[in-house]
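The values are calculated or read from the model by the stated rules, or taken from the named source; none is laboratory data. A quick note: this is a predicted structure, and the numbers were derived from the prediction, not measured. We place every Cβ from the backbone using ideal geometry, glycine too, and count neighbours over all the protein chains shown. All accessible areas refer to the heavy atoms of the entire protein, side chains included, with ligands and DNA or RNA removed. Shrake-Rupley method; radii C 1.70, N 1.55, O 1.52, S 1.80 Å.
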Amino acid sequence: MSAEPICGADIVIKALVDQGVDVVFGYPGGAVLPIYDSLFKQNALRHILVRQEGGAVHAAEGYARSTGKVGVVLVTSGPGATNAVTGLTDALMDSVPIVCLTGQVPTHLIGNDAFQEADTTGITRPCTKHNYLVKDVADLARIMHEAFYVARSGRPGPVVVDLPKDILFALGRYTGPETGRHKSYRPQTQADPARIDEAVALIAAAKRPLFYGGGGLINSGPEACARFTELVRLVDAPCTLTLMGLGALPASDPHFLGMVGMHGMYESNMAMHGCDLLIAVGSRFDDRVTGRLNAFSPTSKKIHIDIDPSSLNKNVRIDVPLLGDCGEVLGALLSAWRKEPRPEASPGGRSHAAGGAARNAWWRQIDAWRARDCLRYDRGRSDLIKPQYALERLYALTRERDPYITTEVGQHQMWAAQFFRFDKPYHWMTSGGLGTMGYGLPAAMGVQIAHPDALVIDVAGEASILMNIQEMSTIAQYRLPVKVFILNNQYMGMVRQWQELLHGGRYSESYTAALPDFVKLADAFGAVGRQVSRPDELDEAIREMIDTPSAFILDVAVDQTENCFPMIPSGAAHNEMLLGPEDKAESPVSEEGMVLV
Amino acid sequence: MADPVANIERHTIAVLVDNEPGVLARVIGLFSGRGYNIESLTVAEVDRVNSLSRITVVTSGTPMIIVQIKAQLSRLVPVHKVHDLSDEGPFVEREMALIKVAGRGEARIESLRLADIFRARVVDATTESFVFEMTGASDKLNAFIALMDPLGLVEVSRTGTVAIARGPGRF
């Protein structure tokens, strides 16, 4: 405990520093001026001035997801806080640890409809993991530390601390991080040992097992991902990952089948449909993954490892729920698995010795599904760039540099998930749960701040990129070499695709008639821009982009009519996937499917 | 999910929470935001030293929804404990109501007679009205209120259900 009382704003800064924070993404305003004054007088914390508060939260998300640390946001009251709401909801859906400090009008004006007043704790209650309104400077230090504890414990999420201006001026005593352990919030991290044995017995007995890993693995950390990979290899079972889980198992591992779900790989979805044991790890049986629930993985028993009790048995009935941290539970599973002598799987490869003949038959079935080559697309025309081709080339030309990829939301996002192959966690940042257009550019900014020398690419669509384009100005200010790779088809591609498949080709408002010239736009923001429309120019353009030391926008004009396949139509089951346009005629979109999102 | 009307169960759930600003809004927001039913909800501080409040919520849903409700409640940061009294053995449920009945003559006498049978207490009387206080299971309150309806029922104020497990065990 420090002896001298200091002002609330200094307590805030001191708490941030003691929590190991080095960067804050923010935007000043009347109610947070005292904190900006304290920031001015110190050097431990770096402040990144965004251009809109929504950008600050996505930047903090990118920072958090690429480092495993808590992202920190500082915004003012009223509109500052309301602009942050989309980012907070995004972080809640994707379990990203964020601490968002919001200014508030002085306590005596709260409820008075004061200038720039909003009921921030009321507005953010359903879109945060927890929130606080600080009403006494004596509570401030504890609440600051508690906010970090809550944000990163259990299932991570965003926490808002609302700071009335008089509290920031008031004198109080600082207390250290040890005071921030919440008095009762203790998420369970270790699973019940009896359940572990049950799970191991099921895995050992399975003929057609499948691992299904999700974003929880990434949140649990690289160690959890390593244990997951080890278990998958020991059991010698195929493994699929969710959109949020990409990188948890190296994509180069022969056990990896690719992404699962609505635009996942044919082999992943068919395996999910046909397995007799599904081992879900840090994944949440989201509707994009399961398709029609009553036809979901009908013949399997299910093991589910998750730290959030409300994820267990939420959509799908689980036979063996394992409540706990992925890393801890996987560790326990690994030691239990090793207690018995098992047939050896060849390291890193597939011997198929584990599990015998039935397992061999399962792998043969999987190889047959793989042979369908579900990502193939029509390469017929040589004068048009296919979006898939653009991403194939981007991946091929950048993979050596171990890039960090962020995306916006839509077709380009799904293609990026399909064509990029991630061998490590923390390299793939996308808005999965909320599906926030405009996420990718500010997220890339946050990633670049955390990894100044890395190659950071925002794979974007021309519609999404305009949603937070103002952050190009932030990128200019801090000289961040962020690359923006726009797949420009002049349509909101995914909207157009659904209109084609479900609404008789009536392309209502999905065409953007007056797009900016992205080359001039790049120039206006001090970046380099280039437009490319011919396949034979693409490689050279990509090389120019990654070799340019500054920020770069590459505007790739792609085939406007291309649709994203494979696809499980809404309301359909995994074994009713559409593999390409030729499947469209018999599109099994049911009436129930129509009303789903 | 499959058959939404089938096997709907009614559960009485007790929740021990930090008595801090916004905690009730958090619980109510959880129910409205996720489309769960609230049939009754009561809250009051029960432990002044540790600043804990107890919320009793009566809800209904399929067994899977009930499990979800409990899991969602227990992951709220200020929630200490969640107990499904309906699942955890016998428990006592009580509610209190204040019931105002106005009338003269035979109807007035009849309301007083029924109040006596139901063991309701008169807590206010004028020459043309009574206020009855009645404590009991919610069904008993419903029955009494239905009887008062034709006898000049004016208004009703109810507390909602509070509940506690039978036996020596503690929460």
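Couple of notes before you dig in:
- Test result for A:ASP367, at pLDDT 95 or above and open to solvent by 10 Å² or more (accessible area, probe 1.4 Å): yes
- Odd one out for A:MET567 among (1) more than 23 Å from A:PRO403 (Cα to Cα); (2) open to solvent by 20 Å² or more (accessible area, probe 1.4 Å): (2)
- Inside the range A:232-256, residues that are in contact with a Phe, Trp or Tyr (Cβ under 7 Å, 6 or more places away or on another chain) and in a helix (DSSP H, G or I) make up a count of 2.
- Only residues that are open to solvent by less than 40 Å² (accessible area, probe 1.4 Å) and away from chain A (no Cβ under 13 Å) were counted across the range B:62-90, and they come to 3.
- Of B:LEU85, B:LEU98, B:LEU16, all but one fail to be among the hydrophobic types (A, V, I, L, M, F, W, C) and under 26 Å from A:THR124 (Cα atoms); the exception is B:LEU16.
- Hey, A:VAL85 open to solvent by less than 10 Å² (accessible area, probe 1.4 Å), hydrophobic (A, V, I, L, M, F, W, C) and either at pLDDT 95 or above or closer than 19 Å to A:GLN19 by Cβ (or both) or not: no
- Annotation: B:MET96 fulfils all but one of (1) within 22 Å of B:THR59 (Cα to Cα); (2) at pLDDT below 95; (3) not small (Gly, Ala, Ser); the unmet one is (2).
- Filter result (within 15 Å of A:ASN83 (Cβ to Cβ) and open to solvent by 40 Å² or more (accessible area, probe 1.4 Å)) within the range A:15-44: A:TYR27, A:PRO28
- Qualifying residue in the range B:103-126 (condition: in a strand (DSSP E or B), more than 13 Å from every other protein chain (Cβ to nearest Cβ) and surrounded by 17 or more Cβ atoms within 10 Å (Cβ to Cβ)): no
- Residue match in the range A:163-178 (condition: within 14 Å of chain B (Cβ to nearest Cβ) and touching a His at 6+ places or on another chain (Cβ under 8 Å)): no
- Among the residues of the range A:552-597, those that are modelled with pLDDT of 90 or more, out of contact with any helix residue (DSSP H, G or I) (no Cβ under 6 Å at 6 or more places or on another chain) and among the polar types (S, T, N, Q) comprise A:GLN560, A:THR561.
- Qualifying residues in the range B:157-171 (those that are under 30 Å from B:PHE130 (Cα atoms) and of a type in the set (A, V, I, L, M, F, W, C)) - the one most open to solvent (accessible area, probe 1.4 Å): B:VAL162
- Residue that is surrounded by the most Cβ atoms within 10 Å (Cβ to Cβ), among those in the range A:55-79 that are within 20 Å of A:LEU466 (Cα to Cα) and not hydrophobic (A, V, I, L, M, F, W, C): A:HIS58
- Filter result for A:PHE552 (farther than 20 Å from A:ALA396 by Cα, of a type in the set (Phe, Trp, Tyr) and open to solvent by less than 40 Å² (accessible area, probe 1.4 Å)): no
- The range A:150-199: number of residues that are open to solvent by less than 30 Å² (accessible area, probe 1.4 Å) and either of a type in the set (Val, Ile, Thr) or closer than 13 Å to A:ILE11 by Cβ (or both): 13
- Test result for A:ASN219, open to solvent by 10 Å² or more (accessible area, probe 1.4 Å) and in a helix (DSSP H, G or I): yes
- Qualifying residue in the range A:107-119 (condition: open to solvent by less than 10 Å² (accessible area, probe 1.4 Å), in contact (Cβ under 8 Å) with a residue 60 or more places away in the chain and farther than 19 Å from A:ALA64 by Cβ): no
- Selected residue (only one of B:PHE144, B:PHE132 is on the phi < 0 side of the Ramachandran plot and either open to solvent by 70 Å² or more (accessible area, probe 1.4 Å) or in a strand (DSSP E or B) (or both)): B:PHE132
- When we screen A:PHE285, A:PHE211 for residues that are at positive phi, in contact with a helix residue (DSSP H, G or I) (Cβ under 9 Å, 6 or more places away or on another chain) and in the same structural domain as A:LEU330 (by TED's automatic domain parsing), the only hit is A:PHE285.
- Scan the range B:35-52 for residues that are away from every other protein chain (no Cβ under 13 Å) and either surrounded by 18 or more Cβ atoms within 10 Å (Cβ to Cβ) or within 13 Å of B:ILE13 (Cβ to Cβ) (or both) and the total you get is 7.
- Residue that is farthest from the chain's Cα centre (by Cα) [pool: residues in the range A:440-473 that are under 17 Å from A:ASP523 (Cβ atoms) and of a type in the set (Val, Ile, Thr)]: A:ILE469
- Meets criteria (of a type outside the set (Val, Ile, Thr), surrounded by fewer than 24 Cβ atoms within 10 Å (Cβ to Cβ) and within 14 Å of chain B (Cβ to nearest Cβ)) for A:ASP253: no
- Pick from the range A:98-153, criterion under 20 Å from A:ALA59 (Cβ atoms) and aliphatic (A, V, I, L, M), ranking: farthest from the other protein chains (Cβ to nearest Cβ): A:LEU101
- Of all residue pairs spaced 6 or more apart or on separate chains, none has beta-carbon atoms under 6 Å together with a first member in the range A:162-173 that is not assigned by TED's automatic domain parsing to the domain that holds A:GLU146 and a second member that is outside any helix (DSSP H, G or I).
- Among residues of the range B:1-34 being of a type in the set (S, T, N, Q) and under 19 Å from the mean Cα position of the chain (by Cα), the one that is nearest to the other protein chains (Cβ to nearest Cβ) is B:SER32.
- Every listed requirement among (1) touching a residue at least 60 places away in the same chain (Cβ under 8 Å); (2) within 15 Å of A:LEU455 (Cα to Cα); (3) buried (at least 18 other Cβ atoms within 10 Å of the Cβ) is met by A:GLY433 save one, (2).
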